[in-house]
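Shown next, in structure tokens, is the structure this report addresses.
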Amino acid sequence: MSAASEAPAGAPQGAEPRHGLRILVIWLVLSVLADVLWLAFVGPHVPPGRMSSTAGGAATDFNILIVMALPVLIGIWVYLAYALVTWRDGRGGPDPVGGEKARGNTTIETSWIAITTVVVLFLAGFGTYELVQPEGAGGAQGPNPIWTPTSHTVLQIQAIGQQWKWTFRYPSFGGFETNDLVVPLGTTIQFNVTSLDVIHSLWAYQLGVKADANPGQNNVAFTTPTQLGTFSVRCSELCGIWHGAMYTTGKVVTAAQFQAWATATRAQLAENTALLPPYALTYTPDANGADGSYYPDTKDPYSPVETYGATTPAGS
Ligand SMILES: [Cu+2]
């Protein structure tokens, strides 16, 4: 290393120990230990878990970043600790900032620049790639997604945000609308996310899906559930006084259970579905609708008296 010190007075005269090698060995041992311990004990529990393709992708990315960051952190700490112990003033060595070696060390400086350049460029490339893998990484991609699934069995589910709850429409089952988010295991889901009023954000936490819900916009996000169980759904965009209450619990069920649930719910909600506007990617709320919602007043949209579901206005 750059700051060589003479042996303290009274100590046997000998060659200066190879400080660089010592630091390298200490750093290497601690780094390998920290990474192995992380991967063994913390890595498997890293959020958001592995309930879907996109959640698993996020957890893996997080682990890769930590495994790369730990040696950097340990490198700084090891050098600092080594310098404090070995080159402290009390040991009677030379002025630590004096001398020719304090002015620079080409080997250290070159490797320093080379290593950090490789790490930063790798992270830039890796991060860019992982923004779209797997399946769009669970982030919303706007109305025309960059990543699209190759699978032919994609289930569309529409998530509609409104102050202050989520509703879900299933277009392949007659467009019924429900408060329950039920998704089948092993099927690629296409979330079509929109809003009826202000800006919300669909956050299906354990599925690793997060998508802004904007009025008049269709925002598409994909994921494939890989584990059965429940997941929490929250609004992650401050949207008004009951924003914090805008949550629900979704379910991943088997494909057969999903078919049974969707078929039964479709039949059960048929009467309500007939009153809804036809399935569309965005909706224009009816100012006079029930609670400012998008249920159309089919009789007279300007009347304070709401009439839903009448297909032909009386007297016309
Ligand atoms: Cu909200």
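Quick notes
- Accessible-area composition of the range 36-85, carbon plus sulfur, in percent [1.4 Å probe]: 86
- With all protein chains in place and a 1.4 Å probe, the accessible surface of the range 88-210 carries 60 percent carbon and sulfur.
- A 1.4 Å probe run over the range 164-205, with the rest of the protein chains in place, finds 28 Å² accessible per residue.
- For residue 117 and residue 228, the difference between the fully extended length at 0.36 nm per residue and the C-alpha to C-alpha distance is 35.7 nm.
- Residues of the range 15-136: accessible area per residue with a 1.4 Å probe, Å²: 66
- In a fully extended conformation the segment linking residue 260 and residue 37 would gain 75.8 nm over its present Cα-Cα distance, using 0.36 nm per residue.
The values are calculated or read from the model by the stated rules, or taken from the named source; none is laboratory data. Please read these numbers as outputs of a predicted model, since none were measured by experiment. Calculation scope for accessible area: heavy atoms of the full protein, side chains included, ligands and nucleic acids excluded. Shrake-Rupley method; radii C 1.70, N 1.55, O 1.52, S 1.80 Å.
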